[in-house]
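Below is one structure; the comments refer to it alone.
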Amino acid sequence: MNAILLAILVLPALAAGALWSIPAAIGDRLAAAYGSVISGLVLVGALILWPRTGGWFAYVPAQEQLLGDAVHPLDAVIDVPWIPSLDVRFHIGVDSISVPLIVLTALLTFLCCLYSLKITPRIGRTRSLIALLLVIETGVIGTFSAMDLVLFFVCFEIVLIPMWLVIDIWGDHHDPAGRKRAANTFVLMTVFGSALMLLGFLLVQRVTGTFDIVALTNAPVAGGHGIPLAAAVLIAVGLAVKVPLWPLHIWLPDAHAKAPTVGSVLLAGVLLKLGTYGLIRILVPVLPDATATIAPYLGAFSTVAIVAGSLACLAQTDVKRLIAYSSVGHMGFIGLGIATMSPAGLRGALFANIAHGLITGLLFFLAGAIKDRHDTSDLRAIGRALYARLPRIAALLTFACLASLGLPGLAGFWGEMLVLLGAYDPAAWLPRSTFLVFMVIAGLGTVLTAAYFLRLVRNLCQGDPAENPPAAFAVDLSRIELITWAPLVTLTVLLGVWPGLLLQQWSAL
């Protein structure tokens, strides 16, 4: 298992370097197939790791032990010195928090490479695009498996420049200035958040003398004021930029709107999860007392994100920006679940992480397909009656919208339901009346979510076909699109009718 974990971490990076060494004329023809093989191998390795994980390795907040008496060891651990003078180690391992996210990362990267077999970027340079996607995969898997704070930070940053290049080079060709602005805003905001997060890590090391996440989790930093509180605030704000939570979400809509389809899929499906994973992996278990102090504020900002994201969606006329703002609301639910510090809330946040990646990945694939056929993502320019013009794509879009709004029987329902249950009964040391208010407001947010998605379906898919004649170039669902999207549709239904497939991973909560 150690060899498999190391292989899925290193293989994409080595493969990206090898791809760049191939001449461009040959590499562009082979890149998508090559990337599909490499990312497919990573996906197989990640799936092999899945049944080996048996729970969280340790999670014992100072106030109360949330996981009972069981302490589950990490699986597939590699722990060797890296920078001995600073006591920084190359320490990686996986457990039931990280493996589902690693599988999600491997799946979405594989589907993006598969999609690129036929759907190539307008400007070409496929070799470089696929290589950057593989580098992003390495950084994300490294972040999800890092058990040292410095290693976590390094892997967290590895994804920054590749995604910046993906947006800047292969983004919206109609608006070069806009895509550069979006890419630069993404970089600046992420660097700002990372700097705050690193300062928080240094404060933790000053108090404890170690960067090791396992050691810190088994012996968390006590105290809800002073240095622990300062560290918690810095780490929380730094990670909230990546989530992103309101009002730190300003980089997200433009980044999604201007990114190419595969960039949007990975940005929404994977990169946003780095922030929520960090909150669950580091903030809550390492600084439990300080997290309890700031939890009501985290819950408040998350609740505002739910409502603000939904209201912003109601005002959008661009389908990609609408889906981007919907992510602000959905990630707000995950933030609220984490803020409850309760078993139900944390399970809901973990489940919603995976469900959001699957559903929003599908939504951005569909938005990209619609944009490719109409050369725009503006709803007014696309027109209505998509059911008549592109019936299969319209049906899949309706399915994805229903899943995203939380229709029972689909994956989007369970995470939000558990988060609301967690807000109804938060951890004993948190003010229950405050979280009841959050629960009510978040519940209203689910109504707004249904409103904007049903409005999207009405404005885009319904209407008189005579007033919106089919375009000659608008070919309905292609074979490569069907193959690429089928796993996302299948998993959305599977997790909707069998949520225990994921929830049993966190049964120790």
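Subtract the Cα-Cα distance of HIS173 and ALA33 from 0.36 nm times their separation in residues, and report this length gain in nm to one decimal.
Contour length minus Cα-Cα distance gives 47.9 nm.
Taking the Cα centre of the chain as the origin and placing charges on Cβ (Lys, Arg +1; Asp, Glu -1), which of LEU47, TYR387, ALA13 is farthest toward the positive end of the dipole?
TYR387
Quick one: Cα convex hull volume of segment 335-379, Å³ per residue?
Dividing the Cα hull volume of segment 335-379 by its residues yields 66 Å³.
Rank by packing, highest mean first: peptides 125-134, 257-266, 302-311, with packing defined as the count of other Cβ atoms within 10 Å averaged across residues.
257-266, 125-134, 302-311
Roughly speaking, what % of Cα-Cα pairs in segment 421-468 are separated by over 17 Å, rounded to a whole number?
55
Size of the dipole of segment 320-411 about the Cα centre, Lys and Arg at +1 and Asp and Glu at -1 on the beta carbon, nothing else charged, in debye to 20?
Its charge dipole is roughly 220 debye.
First compute the accessible area of the chain with a 1.4 Å probe, then give the percent of it belonging to carbon and sulfur atoms.
68
Given the Cα atoms of the chain, and with Rh set as the inverse mean 1/r over their pairs in the Kirkwood sense, what is Rg to Rh to two decimals?
Using Cα coordinates only, the ratio equals 0.96.
Amide H of LEU410 versus every other amide H placed in the peptide plane: which residues, excluding those fewer than 5 positions away on the same chain, fall under 5 Å?
Amide H to amide H, under 5 Å and 5 or more residues apart or across chains, LEU410 pairs with nothing.
Okay, helix-only estimate at 222 nm for the chain: each DSSP H run of n ≥ 4 adds -39500 (n - 2.57), divide by all residues, round to 500 deg cm²/dmol; what do you get?
Details: 22 runs with 350 residues, N = 509.
Result for the chain: -23000 deg cm²/dmol, rounded to the nearest 500.
Report ³J(HN,Hα) in whole Hz for each residue of segment 324-337, in order, from the Karplus equation J = 6.51 cos²θ - 1.76 cosθ + 1.60 where θ = phi - 60°; Gly and Pro get x.
Values per residue, Gly and Pro as x: 4, 5, 5, 5, 4, x, 5, 5, x, 4, 5, x, 5, x Hz.
About its Cα centre, what dipole magnitude does the chain give when the only charges are +1 on Lys and Arg Cβ and -1 on Asp and Glu Cβ, stated in debye to the nearest 20? Could the numbers behind the result be given before it?
Details: 28 positive and 26 negative charges, 221 e Å.
I would put it at about 1060 debye.
Using only alpha carbon positions, build the gyration tensor of segment 259-380, then give the equivalent ellipsoid semi-axes as the square roots of 5 times its eigenvalues, largest first, whole angstrom.
30, 15, 10
With a point put 7 Å past each Cα toward its Cβ, work out how far SER85 is from ARG181 in nm, to one decimal.
Computed distance between label sites SER85 and ARG181 equals 4.5 nm.
Quick one: which residues, 5+ away or cross-chain, put their amide H under 5 Å from the amide H of ASP318? H built at 1.01 Å from N.
The answer is LEU379.
For VAL88, list long-range residues whose amide hydrogen, built 1.01 Å from N in the peptide plane, is under 5 Å from its own amide hydrogen.
TRP82, ILE83
Expressed in nm to one decimal, what extension gain is obtained for the pair ALA451 and ASP375 from 0.36 nm per residue of sequence separation less their Cα-Cα distance? Don't skip to the answer; put the middle values down first.
Values: separation 76, 0.36 × 76 = 27.36 nm, distance 2.68 nm.
Contour length minus Cα-Cα distance gives 24.7 nm.
Give me the extension gain from LEU6 to GLN462: residue separation times 0.36 nm, minus the current Cα-Cα distance, reported in nm with one decimal.
Extra length from LEU6 to GLN462 when fully extended: 159.2 nm.
Arranged from highest to lowest average of other beta-carbon atoms within 10 Å per residue, in what order do the peptides 368-381, 331-344 appear?
331-344, 368-381
Which of the aspartates and glutamates could a cross-linker bridge to LYS371, judged by Cα under 15 Å and excluding same-chain residues fewer than eight apart?
Correct list for LYS371: ASP172, ASP175, ASP318, ASP476, GLU481.
Under the Karplus relation 6.51 cos²θ - 1.76 cosθ + 1.60, θ = phi - 60°, what is the ordered set of whole-Hz ³J(HN,Hα) values for segment 263-276, x standing for Gly and Pro?
x, 5, 4, 6, 4, 7, x, 10, 5, 5, 6, 4, x, 5
Evaluate the relative contact order of the chain (contact order divided by residue number), counting alpha-carbon pairs under 8 angstrom at least 6 apart; express in whole percent.
Working: 934 pairs, mean separation 74.9, N = 509.
Reported as a whole number, the value is 15 percent.
Through the Karplus equation 6.51 cos²θ - 1.76 cosθ + 1.60, θ set to phi - 60°, convert the phi angles of segment 176-192 into ³J(HN,Hα) values in whole Hz; use x for Gly and Pro.
Once θ is set to phi - 60°, the couplings for segment 176-192 become x, 5, x, 5, 5, 4, 5, 5, 5, 5, 4, 5, 5, 5, 5, 5, 4 Hz.
With a ≥ b ≥ c the root eigenvalues of the C-alpha gyration tensor of segment 124-194, is it rounded (a/c under 1.5), prolate (a/b larger than b/c) or oblate? Intermediate results must be reported in sequence, preceding the final value.
Working: a/c = 4.46, a/b = 1.57, b/c = 2.84.
It comes out oblate by the Cα gyration axes.
With a 1.4 Å probe and every protein chain left in place, work out the accessible area per residue of segment 149-269 in Å², rounded to a whole number.
On a per-residue basis, 33 Å².
The values are calculated or read from the model by the stated rules, or taken from the named source; none is laboratory data. Keep in mind the model is a prediction, meaning the values are calculated, not measured. Note: ideal-geometry Cβ built from the backbone for every residue, glycine included; neighbour counts use all protein chains shown. For the accessible areas, the whole protein counts, side chains as well, though only heavy atoms, and no ligand, DNA or RNA atoms are used. Shrake-Rupley method; radii C 1.70, N 1.55, O 1.52, S 1.80 Å.
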